[in-house]
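The structure appears right after this line, and notes come after that.
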Amino acid sequence: MDTDGLFSLAPPDVRSAAPAGVDPAGFAAPAADAPLPVRMRPASLDELVGQEHLLAPGAPLRQLVTGSSPMSVILWGPPGTGKTTIAHLVAHATDRKFVAMSALTAGVKDVRAVIDTARRERRYGGPPTVLFIDEVHRFSKTQQDSLLAAVEDRTVTLLAATTENPYFSVISPLLSRCVLLTLQALDSDDVRGLIRRAITDERGLGGAVTLSGEAEDHLVRLASGDVRKALTALEAAAGSALAQGAKEIDLATAERAVDVAAVRYDRDGDAHYDVTSAFIKSMRGSDPDAALHYLARMLVAGEDPRFIARRIVIFASEDVGMADPQALLVATAAAEAVQLIGLPEAQLNLAQAVVHMATAPKSNSVTTALGAAMADVRAGRGGPVPPHLRDAHYSGSRGLGHGRGYRYPHDDPRGVVRQQYAPDDLVGTDYYRPTDHGAERAVGERVPRLRRIVRGLGPVTSGVTRSVTASAGTADRAAGGARAEDASQSSADSVSGGIADSPGVVTESVAPAAAEGDGKRTDDNGLSAGEEQP
């Protein structure tokens, strides 16, 4: 009998049997035949790489490992970023009792048994208990509720690890009692350094084999920031090489060992630009099969899915545009899915968006219209805003004539009125030239009628329409105001396109030609101006 711990019949050094799913002794030292990722776990905090934002002096992670602060912590990050490694460091760095538990096998009964044991040991003056729960997001709400009181009064110091967003997978009361530390995926340099350490370190391969540069690049790409995956593949490749009597792991051996062919793709080199360019041009050329191939190459090579999603969103307006306005919604939904779900599942969302873009009707009228308008602005064309369009809400604006004579379109039964909107220098200038592709055909029929009403023109005739195209190549050249007559554009073309005015009205339409470069680092290779490199 235990009367509230006052008169216990059990001596202080007697411990209860460990509940199921619990390791009361902490993490044991790895055996000689343990997997390479286990043997290569950092032995100290200084060996931990890739989480510099958490390793500053006095940072919560250092306090947790050294035991200088008994705060409860939730570690959130993708696989292979060091969550379990940090638990090992905590287990061996201080004299605290360390209990490890997996949410996959433990239940409420096991959690309460650990807490009861920790509470009794505190009464006897024993060491504090650190409770490590791996995959805590798999705990139900009831199981997480069972931790609240013990974490609140620090009966146990909770160290929990999760790969899922804790704001969705961990109950708010438990989250508010813990410090949330976000671990970032390791970059290529971090993974490369750990691979090289494993090759030479006595805990790893001890120099038994060497690694060629191509094989190393392949393992780094294959890992996609998961160092556990990289070291597992390295161990398999080393075993394959040694079995063949070889002392070097070459690319062919690395490919055979993990059964994944090396993808010729360098995220910082020519292959990146070439594949991206082919991806964009395949969608533009309405070839969904080729576009899916290049999407697969980027995904298998470890390209950032956010970069791919950005390219699809840009393409939806640049190359599909008004021919299928739904394309932009599909593209932005895919980009949102990448952020919310992540890989590997989000690759399906990207594939759906790619198929939609490739099979949609195409129109670059939005692109050419904006390019023409920006070329005019850079060339100094425009002038002041017409007085009747200026802001008339502030005191004194009416005295300046602002808003005087403005006609409210909603007062007209048609919803459109005759009124000058463009600056004086640009009256009668057409930028937007709809195609007859897809949904834009209806827009192309509507735009000429709208222009006739707004500009107060007569019915459509075969009047002369002058169409000006930006000189070969780029909006930058057009930005200087240079204009070249496009002899291939006739008045008949303008009429058939739905843009024609009454006789005597001259309409200028500036449409910069698409740049056709070598597919690298140009506006046509899938990297628009201002788009960041991955």
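The values are calculated or read from the model by the stated rules, or taken from the named source; none is laboratory data. It should be emphasised that the depicted structure is a prediction, and the values quoted were computed from it without experimental measurement. FYI the Cβ positions are ideal-geometry reconstructions off the backbone, even for glycines, and counts take in every protein chain you see. Note: accessible area is taken over every heavy atom of the protein model, side chains too, but ligands, DNA and RNA are not part of it. Shrake-Rupley method; radii C 1.70, N 1.55, O 1.52, S 1.80 Å.
Results, tabulated for the structure shown:
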quantity: Residue count for region 331-355, restricted to those that are surrounded by 22 or more Cβ atoms within 10 Å (Cβ to Cβ) and either more than 16 Å from the chain's Cα centre (by Cα) or not in a helix (DSSP H, G or I) (or both); calculated: 1
quantity: Lys281 vs. criteria farther than 30 Å from Arg407 by Cα, assigned to a loop (DSSP other than H, G, I, E, B) and of a type in the set (Lys, Arg); calculated: no
quantity: Condition met for Pro413 (over 20 Å from the mean Cα position of the chain (by Cα) and either open to solvent by 40 Å² or more (accessible area, probe 1.4 Å) or closer than 15 Å to Ala316 by Cβ (or both)); calculated: yes
quantity: Criterion: out of contact with any Asp or Glu (no Cβ under 8 Å at 6 or more places or on another chain), polar (S, T, N, Q) and open to solvent by 40 Å² or more (accessible area, probe 1.4 Å) - qualifying residue of Thr117, Thr85, Thr105; calculated: Thr105
quantity: Search result, residues across region 222-265 that are open to solvent by 50 Å² or more (accessible area, probe 1.4 Å), modelled with pLDDT of 80 or more, part of a helix (DSSP H, G or I) and of a type outside the set (S, T, N, Q); calculated: Arg228, Lys229, Glu235, Leu242, Ala243
quantity: Residue satisfying all of: in region 147-193; more than 18 Å from Gly80 (Cβ to Cβ) and of a type in the set (Val, Ile, Thr); surrounded by the fewest Cβ atoms within 10 Å (Cβ to Cβ) among these; calculated: Val179
quantity: Scope region 120-134; condition under 23 Å from Lys83 (Cβ atoms), surrounded by fewer than 19 Cβ atoms within 10 Å (Cβ to Cβ) and out of contact with any Pro (no Cβ under 8 Å at 6 or more places or on another chain); matching residues; calculated: none
quantity: Residue satisfying all of: in region 311-346; in contact (Cβ under 8 Å) with a residue 40 or more places away in the chain and among the aliphatic types (A, V, I, L, M); nearest to Thr163 (Cα to Cα) among these; calculated: Leu343
quantity: In region 412-464, the residues that are modelled with pLDDT of 80 or more, outside any loop (DSSP other than H, G, I, E, B) and closer than 27 Å to Val385 by Cβ; calculated: Leu426, Val443, Arg446, Val447, Pro448, Arg449, Leu450, Arg451, Arg452, Ile453, Val454, Arg455
quantity: Members of region 205-221 that are small (Gly, Ala, Ser) and not in a loop (DSSP other than H, G, I, E, B); calculated: Gly213, Ala215
quantity: Pair list, Cβ < 8 Å and 6+ apart or interchain, from region 211-240 residues that are touching a residue at least 12 places away in the same chain (Cβ under 8 Å) to residues that are among the polar types (S, T, N, Q) and assigned to a loop (DSSP other than H, G, I, E, B); calculated: Gly225/Thr81; Asp226/Thr81; Val227/Thr81
quantity: Subset of region 135-154 (residues that are part of a loop (DSSP other than H, G, I, E, B) and more than 19 Å from Gln63 (Cβ to Cβ)); calculated: Glu135, Phe139, Ser140, Ser146, Leu147, Asp153
quantity: Cβ-Cβ under 8 Å pairs, at least 6 apart or on other chains, region 138-165 side aromatic (Phe, Trp, Tyr), far side at pLDDT 90 or above and not in a helix (DSSP H, G or I); calculated: Phe139/Ile133
quantity: Every residue from region 425-438 that is out of contact with any Gly (no Cβ under 8 Å at 6 or more places or on another chain) and surrounded by 17 or more Cβ atoms within 10 Å (Cβ to Cβ); calculated: Thr429, Asp430, Tyr431, Tyr432, His437, Gly438
quantity: Neighbours by Cβ (under 7 Å, 6+ apart or cross-chain): first from region 347-369, free of Cβ contacts under 8 Å to residues at least 60 places away in the same chain; second open to solvent by 30 Å² or more (accessible area, probe 1.4 Å) and of a type in the set (A, V, I, L, M); calculated: Gln347/Leu299; Ala351/Leu292; Ala353/Val330; His356/Val330
quantity: Top-ranked residue in region 389-401 [being surrounded by 10 or more Cβ atoms within 10 Å (Cβ to Cβ) and over 26 Å from Arg378 (Cα atoms); ranked as modelled with the highest pLDDT]; calculated: Leu400
quantity: Hits in region 194-204 - residues which are open to solvent by 40 Å² or more (accessible area, probe 1.4 Å) and either assigned to a helix (DSSP H, G or I) or of a type in the set (A, V, I, L, M, F, W, C) (or both); calculated: Arg196, Arg197, Thr200
